[in-house]
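First comes the structure, then the notes that go with it.
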Amino acid sequence: MGIYVDERLCNSCGTAPEPLCVRDCPGDLMVLRIEDGKATIRDNGECWDCAACVKVCPTQAIKMRLPAAVVVRGVALRGRALRHKTVWRVKLRDGEERAYETPATGRPPFNPGL
């Protein structure tokens, strides 16, 4: 698996002191490119597939890529973290979009530095 950043949608979280994906990535893998200030991942091979960056991106510029064994061409998955739930949107090949919700765990974010 891994993540993909749509450069057209990424705005580096506007005026935020630090982009949310950079702030929330537990593996410290999200960075801003020097040349254009857009978010990118250092190494998808190191990604934990936690989707923290996907869920916090306010412009939904970050998508999760599924492994080839489960990929259906033309299908996209996006997530949006809200206070008490995460809303996942799946866009199917025919353009139909479906939404699914998962409850928030209520646990504090993982901090590997503790």
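Restricting the first residue to region 85-106 and requiring it to be within 14 Å of LYS63 (Cβ to Cβ) and part of a strand (DSSP E or B), which pairs with a second residue that is modelled with pLDDT under 85 and aliphatic (A, V, I, L, M) meet a Cβ separation below 6 Å and a spacing of at least six or different chains?
VAL90/LEU77; LYS91/ALA76
Only residues that are assigned to a loop (DSSP other than H, G, I, E, B) and surrounded by 14 or more Cβ atoms within 10 Å (Cβ to Cβ): list them for region 10-48, please.
If the condition is that a residue be assigned to a loop (DSSP other than H, G, I, E, B) and surrounded by 14 or more Cβ atoms within 10 Å (Cβ to Cβ), then CYS10, ASN11, SER12, CYS13, PRO19, CYS25, PRO26, GLY27, LEU29, LYS38, CYS47 are the ones that fit.
Out of the residues in region 49-62 that are in contact with a helix residue (DSSP H, G or I) (Cβ under 6 Å, 6 or more places away or on another chain) and of a type in the set (Val, Ile, Thr), state the one that is surrounded by the most Cβ atoms within 10 Å (Cβ to Cβ).
The selected residue is ILE62.
Is there any pair with a first residue in region 25-37 that is of a type in the set (D, E, K, R) and a second that is in a loop (DSSP other than H, G, I, E, B) whose Cβ atoms are under 8 Å apart and which are 6 or more apart or on different chains, and what are they?
ASP36/GLU7
Can you tell me how many residues within region 1-17 are at pLDDT below 90 and either over 13 Å from CYS53 (Cα atoms) or touching a His at 6+ places or on another chain (Cβ under 9 Å) (or both)?
The total comes to 5.
Which ones in region 49-60 are of a type in the set (Gly, Ala, Ser) and part of a helix (DSSP H, G or I)?
ALA52
The values are calculated or read from the model by the stated rules, or taken from the named source; none is laboratory data. Nothing here was measured: the structure is a model prediction, and the numbers come from that model. We place every Cβ from the backbone using ideal geometry, glycine too, and count neighbours over all the protein chains shown.
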